[in-house]
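Before any comments, here is the structure.
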Amino acid sequence: MRVATIPNSDTSALVYAPIGRDAEIAVSLLKEAGVAATAVSDIASFVAKLSDDIAFAVVTEEAFRSADLRGFSAWIEAQPSWSDLPFVILTNRGGGPERNPAAARLSEVLGNVSFIERPFHPTTFISVARSAMRGRRRQFDARARIEALDEGERRLQTALSAGRLGAWEFDLATGELITSTTFRSIFGRNATEEFSYTDLLATIHPEDVDRMQLAVRTTIETGADYAIEYRTIWSDGSVHWAEIRAQLYRDREGKAIKLVGVSADITARLKAEEHQRQLNEVLEERVAERTRKLEETHARMMAEVNQRESAEQQLRQAQKMEAIGQLTGGVAHDFNNLLMAVLGNLELLRKHVGEDNKAVRLIDGAQQGAKRGASLTQRLLAFSRKQDLRIDPVDMRALIMGMEDLLKRSVGANVVIETHVPPHLPLVSADANQIELALLNLVVNARDAMPDGGEIRIGLDEVHQSRPEGELAAGHYVVLSVVDQGQGMDSETLRKAVEPFFSTKELGKGTGLGLSMIHGLASQLKGDLKLTSELQRGTKAELWIPVSTSGAATETGVIDMPIEIAQKAKGPKRILLVDDDALIAMSSADMLTDLGHDVVEAYSGNEALQRLGDGSEFDLLITDYSMPGMTGGELAIAVRDIVPDLPILIASGYAELPPGVNLDVARLGKPYTQDQLARELDRLFADRI
């Protein structure tokens, strides 16, 4: 008779029925039901074919009576935690487990057993097989989830190692402290030493113990996140600083059960901060000494002195801003590299989670957070004048007119925007996207300065600067102005307005990077940002942008390449990827491999040159710029001598390569997405056709 097909039968069953036609009948019924099945003739073959991928086993009761089951029992015991292989035992009539002690003992040995008394109806057999298959598929699902969790754990450990973070967990009920190797090293312990919570308290500096324990109690009582810095004393007597962060976990009844967190050794950072503080004190002492001498001279030369004081103040401010700019630029560059690895891995992971809605939601949340971090680093790079800009001739009048709707939606109904732009203005040399962002920032700042509403005036004007003034060289400029009727700023606030992270807004409503970003953008464009303001009389912001020496404005948009060229540009390529940071190299290599390319990794310029010098052929070289020993620019120059026609793509978080590095290579700003990387590769290979 015809039996129903078992759904999703993409795995096989194993049949061991050495006597009679039971094996032949069972295999035939399973095959007709859509289940692949293999029959074996002896216990050794049966054990040899057992594996984690077997769906279930069909065995006759008598097959086990006189067989040596030691190897079989060992396999049963050695199953992984997720596995409990289903067995379908064919017994004789009246030989079920209720009346057959031998059959009952099989249940004890095999565990997951279903009995069918012979002779059996095919429908009954298939029904039992279907149940076994469903149960096994649930086990396979559990295996997949366990493997996914293991992979997530490995990625977490990689991230913790890359950030030199030590993981720990403290059980509030038992007082047990579980720590990673990195965590122990932060407290001067090696991986094999015992390190209990009592040991932890013993390493903390006596002056910091009470403060640490109070912070722990506060977290347990209030649920607030735990964050503290304190000194630790190692066994050699040296003093170090540790930063500890944690969150409180509760059970379903809301009872606090454990603290879970990470730690970092911040000794080097605090020493650097102390060194910087001392340098600042020395600088302040020198400035104070210079000021004292100037004041002594003031009585004799009241008039060339006023000018000197002004020059000294500008110099100090410029030095301060330059120092902060270098610091923030370096931090932003390093953070860009970390975000590169995070965003790349999340983007690839997103493709492989399938329909797991929770995983998709978690990945999307992580991507949004990482992208906000990338946006923050772009603002830091803008302030430090190291932002990656695309300079083109820009029509400021068209830019403002095109943003009118966006600006009006951004300020709300109680703020009126008035735009005054001349019909004819010269083009400016700028990055249109960054100018749009700067204008939006200025308008939003103006709106926030008028909580009760008011008018914002946006204007354009052409100005000729006859002589150098401050950061402005002599020449022609277009000035974009934004004027509000808001609260205004006093002189001290106005002086600090463009400093990074300075904000008059309440906590959580501003990063303090908006004006500093615009100031950095203006400096990169060889222009200036000028602010004038009075309390209760509003603020005027002027962005001075140099007039372009080029011709027509460049239209933005993607240029479609001919179909024939696009098809030739597609297809797998052999790519040499060079980055001294293994974490970033791994992320970029995964993105390229996912695009179908063959990737060879090198972790230094010298290693890359060895790859190219041994006769290996590549279609493209992708290299980071900032690498020890040999920079990406130096590598590109050396590669030109070996393979003159090899396309080269330099990835960097900085806007400009150092002076003297004049290379005909493609550029890609960090962090980049897989789509951005793919588009750049398409353009490069299309250009080679």
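Worth a mention:
- Of all the residues in the stretch 475-508, those that are modelled with pLDDT under 70 and closer than 28 Å to Ala432 by Cβ number 8.
- For the stretch 459-469, the count of residues that are within 36 Å of the chain's Cα centre (by Cα) and either under 21 Å from Thr532 (Cα atoms) or surrounded by 14 or more Cβ atoms within 10 Å (Cβ to Cβ) (or both) is zero.
- Test: residue in the stretch 547-557 that is modelled with pLDDT of 85 or more and in contact with an Asp or Glu (Cβ under 9 Å, 6 or more places away or on another chain): yes
- Residues that are crowded, with 22+ Cβ neighbours inside 10 Å and within 17 Å of Gly538 (Cβ to Cβ), drawn from the stretch 423-444: Leu442, Val443
- If only residues of the stretch 562-594 that are in a loop (DSSP other than H, G, I, E, B) and crowded, with 16+ Cβ neighbours inside 10 Å are counted, the one that is modelled with the lowest pLDDT is Asp581.
- The condition of being part of a loop (DSSP other than H, G, I, E, B), modelled with pLDDT under 80, at negative phi and not assigned by TED's automatic domain parsing to the domain that holds Arg184 holds for only one of Arg105, Arg93, Arg155, that being Arg93.
- All positions within the stretch 116-139 that are more than 12 Å from Pro86 (Cβ to Cβ) and touching a residue at least 24 places away in the same chain (Cβ under 8 Å): Ile116, Glu117, Arg118, Pro119, Phe120, Pro122, Thr123, Phe125, Ile126
Table: residues versus (1) over 21 Å from Leu521 (Cβ atoms); (2) in a loop (DSSP other than H, G, I, E, B); (3) in contact with a helix residue (DSSP H, G or I) (Cβ under 7 Å, 6 or more places away or on another chain); (4) basic (Lys, Arg).
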| position | (1), (2), (3), (4) |
| --- | --- |
| Ile456 | no, no, yes, no |
| Glu462 | no, no, no, no |
| Leu480 | no, no, yes, no |
| Gln487 | yes, yes, no, no |
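- Check on Asp682, at pLDDT 90 or above, surrounded by fewer than 17 Cβ atoms within 10 Å (Cβ to Cβ) and among the acidic types (Asp, Glu): no
- Look at the stretch 396-410: where a residue is assigned by TED's automatic domain parsing to the domain that holds Val482 and part of a helix (DSSP H, G or I) and a partner is among the polar types (S, T, N, Q) and surrounded by fewer than 18 Cβ atoms within 10 Å (Cβ to Cβ), sitting 6+ places away or on another chain with Cβ atoms under 8 Å, you get Ile400/Thr419; Met401/Thr419; Glu404/Thr419.
- Selection count, the stretch 602-638, where residues are in a loop (DSSP other than H, G, I, E, B) and in contact with a strand residue (DSSP E or B) (Cβ under 8 Å, 6 or more places away or on another chain): 9
- Residue list for the stretch 191-250, restricted to those being more than 28 Å from Lys271 (Cβ to Cβ) and touching a helix residue (DSSP H, G or I) at 6+ places or on another chain (Cβ under 8 Å): Ala224, Leu248
- Residue list for the stretch 175-195, filter: assigned to a loop (DSSP other than H, G, I, E, B) and within 20 Å of Ala256 (Cβ to Cβ): Gly175, Glu176
- Scanning the stretch 18-49 for residues that are without any contact (Cβ under 8 Å) to a residue 40 or more places away in the chain, of a type in the set (A, V, I, L, M, F, W, C) and in contact with a strand residue (DSSP E or B) (Cβ under 7 Å, 6 or more places away or on another chain) returns Ala23, Val27, Ala36, Ala37, Ala39, Val40, Phe46.
- Being of a type outside the set (Lys, Arg), assigned to a helix (DSSP H, G or I) and out of contact with any Asp or Glu (no Cβ under 6 Å at 6 or more places or on another chain) is a property that does not hold for Ala224.
The values are calculated or read from the model by the stated rules, or taken from the named source; none is laboratory data. These numbers were taken from a predicted model, which means no experiment stands behind them. With ideal geometry, Cβ positions are generated from the backbone for all residues, glycine too; neighbour counts draw on all protein chains shown.
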